[in-house]
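Working notes for the structure below.
The values are calculated or read from the model by the stated rules, or taken from the named source; none is laboratory data. Keep in mind that what you see is a predicted model, and the values were worked out from it rather than measured. Here the Cβ is made from the backbone with ideal geometry for all residues, glycine too, and neighbour counts use every protein chain on show.
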Amino acid sequence: MDLYHLTIHEAADSLQKGDISSGELTHAVLDRIVAVDNDVRAYLTLMPEAALEQASRADTKLVAWRKNGRREELPALLGIPLAIKDIICVQGAPTTCGSRILEDFHSPFNATVVDKLLHCGAVIVGKTNTDEFAMGSSTENSAFFTTHNPWDLARVPGGSSGGSAAAVAADEAFGAFGSDTGGSVRLPASFCGIVGMKPTYGRISRYGLVAFASSLDQIGPFGKDVTDCALLLQAVSGYDPKDSNSINAPVPNYAAELSKGVKGLRVGIPGEFFVEGLEPEVEKIVREAIDTLAALGMDVKEISLPHTEYGVPTYYLIAPAEASANLARYDGVRYGYAAPDATDMWDGFFRSRAQGFGQEVKRRIMLGTYALSAGYYDAYYLKAQKVRTLIKQDFERAFEEVDVIVTPTSPFVAFKIGEKIENPLQMYLSDVFTITLNLAGLGGMSVPCGFVDGLPVGMQILGGPLAEDIVLRVGYAYEQATGWHLLHPPC
Ligand code: GLN
């Protein structure tokens, strides 16, 4: 078998046995990138020298560990090549956020997740493509190029973390990290046929994640299967004094929890997610997946999340409002692009922003500024905050009755490049099933559950606060019973 096909847990096993080296794994991934990335276009930046150096350090550690009688347990990610969405800072590397305005910005520091990964001995291969400032559902809003779906190169990989998802699906990395503000990990995971998780808000530090909408942003892992997702989550979770919203609670051993089984766990099926707009083939596949969960011994219940339909409008007031404040820092002075033709300070602000930001980012800044302005604040922003509370309460009530909630991740499978880009509202509706979870601050995961015309479908599993262990358990039981994760894209 080609080395790049391995999962993280398989590769870690072989590394520890001494059957392969991290150098070999890293070369396998770099060669794979050369072979397929001209078509897939998952990466914005590759860091082969740094990656090979990290691999060689991991190999030295592995050799010493074997010599010393394998005394301590090694981190699962030691020597494993990973990819990082280009909105997460890696010291010395470009962090463009998919934007012209940060095209030449090199981060002077590591995000906490990156520090944690390097501390585990992981290998960082490169930075992956994203919609500009993570605003989008397809990577078509990247200022540089669109990433292609490895299952069908004419289609989008989903977004905004489409580069990370496509890289993992096409075996151009063993795992990856993205960010999820309204669905940007789960949607591309679903479109690319891999596992992607958005953990509870605060489970993972946001330090070094360039801010889009701070009350919604959360970093999340992509894996080829649920076990890999658990290992990736484990490595980066936990309290960080540099992010005051990170949660100070113990991190369970997620991988050890996986095989506990799901018998007797209660799963809620919200009627509001099985409505018009959901493609009938997708619905059929997700309903079959729910039958599989029932066959595994889960107790299936109909539930209601009555404010679901307000999710998209609420999100599109709160997220742009926060974005309009967060993106004020790009003024052509402190960060990134500065218009060369500016005549004075004010002209410099206007020109740098006008030339540096793309259309979708400008749309969000205008929407957000409008929603926050005097006279409109109460009618839009404040109202949206109140509806956000109602959405949160829907989930609180539901999780009194059930342990997890299962829905489709998206109403449809990956769409064609160009199909929705002219119609922002259509694009926004891609996230109709993922957005409410961010508004509620909870965690969820997309797991592959079948195909429509050769394109992957994702099942979304949602949990209560810090219930990632239960979400992973359900995903693992499903995966073991079905095996959709074992299929590879044609590229
Ligand atoms: N597609 C949504 C948006 O455009 C969500 C993006 C995200 O989760 N980063 O805002």
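How many residues are surrounded by fewer than 20 Cβ atoms within 10 Å (Cβ to Cβ) and either within 12 Å of V113 (Cβ to Cβ) or in contact with a helix residue (DSSP H, G or I) (Cβ under 6 Å, 6 or more places away or on another chain) (or both) if we restrict to the range 216-247?
Of the residues in that region, 3 qualify.
With V262, V251, V267 as the choices, which residue is under 16 Å from A289 (Cα atoms), touching a helix residue (DSSP H, G or I) at 6+ places or on another chain (Cβ under 8 Å) and assigned to a loop (DSSP other than H, G, I, E, B)?
Values: V251 fails: under 16 Å from A289 (Cα atoms); V267 fails: assigned to a loop (DSSP other than H, G, I, E, B).
The match here is V262.
If you scan the range 275-296, which residues turn out to be touching a residue at least 12 places away in the same chain (Cβ under 8 Å), part of a loop (DSSP other than H, G, I, E, B) and touching a helix residue (DSSP H, G or I) at 6+ places or on another chain (Cβ under 9 Å)?
G277, L278, L296
Considering only the range 346-377, state which residues are at pLDDT below 95 and among the hydrophobic types (A, V, I, L, M, F, W, C).
A374
Would you mention how many residues in the range 300-334 are exposed (fewer than 15 other Cβ atoms within 10 Å of the Cβ), among the acidic types (D, E) and outside any helix (DSSP H, G or I)?
Count: 1.
Consider G126 carefully, then state whether it is away from the ligand (no atom under 14 Å from the Cβ), in contact with a Leu (Cβ under 7 Å, 6 or more places away or on another chain) and either under 17 Å from I219 (Cβ atoms) or not hydrophobic (A, V, I, L, M, F, W, C) (or both).
Numbers: away from the ligand (no atom under 14 Å from the Cβ): yes; in contact with a Leu (Cβ under 7 Å, 6 or more places away or on another chain): yes; either under 17 Å from I219 (Cβ atoms) or not hydrophobic (A, V, I, L, M, F, W, C) (or both): yes.
It is true that G126 is away from the ligand (no atom under 14 Å from the Cβ), in contact with a Leu (Cβ under 7 Å, 6 or more places away or on another chain) and either under 17 Å from I219 (Cβ atoms) or not hydrophobic (A, V, I, L, M, F, W, C) (or both).
Within the range 140-150, count every residue that is surrounded by 24 or more Cβ atoms within 10 Å (Cβ to Cβ), assigned to a loop (DSSP other than H, G, I, E, B), of a type in the set (S, T, N, Q) and more than 11 Å from the ligand (Cβ to nearest atom).
Residues that pass the stated criteria total 2.
List, please: which pairs have Cβ atoms under 6 Å, are six or more places apart or on different chains, and start with a residue in the range 412-439 that is closer than 28 Å to G202 by Cβ and end with one that is in a helix (DSSP H, G or I) and among the polar types (S, T, N, Q)?
The qualifying pairs are T436/T308.
Give the residues of the range 419-438 that are buried (at least 24 other Cβ atoms within 10 Å of the Cβ) and assigned to a loop (DSSP other than H, G, I, E, B), sorted by residue number.
Listed by number, the residues that qualify are F433, T434.
For the range 388-418, give me each residue that is within 25 Å of the chain's Cα centre (by Cα) and in a helix (DSSP H, G or I).
R388, T389, I391, K392, Q393, D394, F395, E396, A398, F399
With respect to the numbered conditions (1) on the phi > 0 side of the Ramachandran plot; (2) within 16 Å of the ligand (Cβ to nearest atom), which one is the sole condition not fulfilled by S161?
With (1) on the phi > 0 side of the Ramachandran plot; (2) within 16 Å of the ligand (Cβ to nearest atom) applied to S161, the lone miss is (1).
For the range 361-379, indicate whether the set of residues that are polar (S, T, N, Q), crowded, with 17+ Cβ neighbours inside 10 Å and assigned to a helix (DSSP H, G or I) is non-empty.
Going residue by residue through the range 361-379, those that are polar (S, T, N, Q) are 369, 373.
Checking the rest, the ones that are also crowded, with 17+ Cβ neighbours inside 10 Å come to none.
Looking through the range 361-379, none of the residues is polar (S, T, N, Q), crowded, with 17+ Cβ neighbours inside 10 Å and assigned to a helix (DSSP H, G or I).
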